Structure formats: structure tokens, C-alpha cells
Amino acid sequence: LRIRRQNEFNRRIADADTRPVIVSEGDSWFHFPIFLDDTIKHLFNTYNVWTVAAAGDTLDNMVIGNAEFMRALREHRGRIQAFLFSAGGNDVLGEDASGRSILASMINEFQEGKDDAAWYVESRGVSEKLAFVEDVYRRMITAVTQEFPNLPILIHGYDYAIPGGGAGDTRRPKWAAQDKWIGGPLTRERKIKSHKLQRDIIRLLIDELNRRLMRLAGGNHGGMFTNVW
């Protein structure tokens, strides 16, 4: 799919298409080719999008290990009007190199009498992971801004993911087990069986992730970098 999208981009440019040009790097929000219309699909009719996104991608791979987006920005220098960046979800809710849930490794294990979701999120693992996410975003923003100081960088936060497997959950995704990413790891590995408590934990985790991203966005959230929105 990515090659098809890049081929369509090249065809449009060769035909002197006047739609604005943007470059995108990201995870499945930007590249989920089979089961639903991802963000780039929705944008493609209005913009000429050169995408190097990949489903399941992580910040570590995008920014530290590969930095494919910098090559893309350089290749299209002079005609880009914005850079879209989507990352962080897999770093918090995905799996590590050994296949273990990252979420389960961060959240405190269930204890009787601990009904406050904040207690489960107030852990060294969560603090370190969110600090890592923010730090890598800063690296990405700094790298782009140094070479493209006037280029708007668009990032996004996340809504509250609903843990799968709870009572009455009718979702049956074709691409993963119902409780694969959140409900299963919290239930089996952290022994947190209350679906309400699981949802509250995820809500607090997402709130903190979003706060860290917003404090980078000086374009519209009063954050550090005025070119980030």
C-alpha cells in the first residue's frame, strides 16, 4: 500500500497537480491498509501525501533507528507545506522485543484495597516510558526544525482506548484477539480484573501522554516549539 501511495504521489507531481504537498511518518493511524480507512486515506483526496508510515511502528525505530522521515523531507524539499507525525501508541500499548506487553511491564500489579486508578499509573515504569516518548518527540522536532525552520509539524494525541474482553464487549476485530493489547495484559499479567478499573487506568495514562505532547506544541497549545501544532 505504501508503494501504491508513493506511486500515486509521483504520478500527481508529474502531472503538475496543485494540491498541497505534505510528508507523513507514523504508525497504524497513518497506515492501516486493509480493514479501515486510515488518516492518510482520508487526506489523500485533498493533499498530495508522501508517506513513509508503517503499521506497528515505534518511536525508537522511526526516530532513533531509521529516521526515514528526514530522507523523505529532504527529497521533497522546496514543496512541502507540512510534516505529519503519528507515534507513541505502540510504545505504550505494544509489545517489547521479547513479545511481552509494554503496558503490563509499566503498570503496578493489583493489590486488594487499591481501587484508585492513579495508584496503578504512579509507577517508575510509566514515568520512564512517558519521559522516553517526550524525549524522542523532542529529538524529532529538533531535527526537523534545524533543517526546515518554517515547516509546520502536526502531531496528535490519543482518545481513551477501551480494554477488550469486558462484559458485553461486542467488538470482534479481524486483526487481533479482542483483548490482545490492553484487556488481556492487564487481566492476566497485572491481575486487574475490574473492567472499570482497567478503563480508568487507561484514561489516566492517555491523559498524561497527551499532556506531554501538548506541552511541545507551541503552535496552538502554548508549548515549547512554535512550529508544532
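Computed quantities for the displayed model
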| quantity | calculated |
| --- | --- |
| Residues of region 182-229 that turn out to be assigned to a loop (DSSP other than H, G, I, E, B) and open to solvent by 90 Å² or more (accessible area, probe 1.4 Å), as a count | 7 |
| Top-ranked residue in region 1-33 [being without any contact (Cβ under 8 Å) to a residue 24 or more places away in the chain and hydrophobic (A, V, I, L, M, F, W, C); ranked as surrounded by the most Cβ atoms within 10 Å (Cβ to Cβ)] | Phe32 |
| Top-ranked residue in region 74-97 [being in contact (Cβ under 8 Å) with a residue 12 or more places away in the chain and in a loop (DSSP other than H, G, I, E, B); ranked as nearest to Trp29 (Cα to Cα)] | Ala87 |
| Condition broken by Pro152, with the remaining ones in (1) within 21 Å of Asp200 (Cα to Cα); (2) in contact (Cβ under 8 Å) with a residue 24 or more places away in the chain satisfied | (1) |
| Flag for Leu154 being surrounded by 13 or more Cβ atoms within 10 Å (Cβ to Cβ), of a type outside the set (S, T, N, Q) and in contact with a Lys or Arg (Cβ under 8 Å, 6 or more places away or on another chain) | no |
| Residue satisfying all of: in region 28-65; among the charged types (D, E, K, R) and either touching a strand residue (DSSP E or B) at 6+ places or on another chain (Cβ under 6 Å) or over 25 Å from Ala131 (Cα atoms) (or both); modelled with the lowest pLDDT among these | Asp37 |
| Per-region count, region 99-151, residues open to solvent by 20 Å² or more (accessible area, probe 1.4 Å), among the aliphatic types (A, V, I, L, M) and either under 16 Å from Phe85 (Cα atoms) or outside any helix (DSSP H, G or I) (or both) | 1 |
| Asp169 part of a helix (DSSP H, G or I), among the acidic types (Asp, Glu) and open to solvent by less than 60 Å² (accessible area, probe 1.4 Å) | no |
| Filter result (open to solvent by 10 Å² or more (accessible area, probe 1.4 Å), of a type in the set (A, V, I, L, M, F, W, C) and part of a loop (DSSP other than H, G, I, E, B)) within region 44-73 | Phe44, Ala54, Ala55, Ala67 |
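The values are calculated or read from the model by the stated rules, or taken from the named source; none is laboratory data. This structure is a prediction, so every number in the text was calculated from the model and none was measured. FYI the Cβ positions are ideal-geometry reconstructions off the backbone, even for glycines, and counts take in every protein chain you see. The protein model used for the area step is the full one, side chains on, heavy atoms only, and it has no ligands, DNA or RNA in it. Shrake-Rupley method; radii C 1.70, N 1.55, O 1.52, S 1.80 Å.
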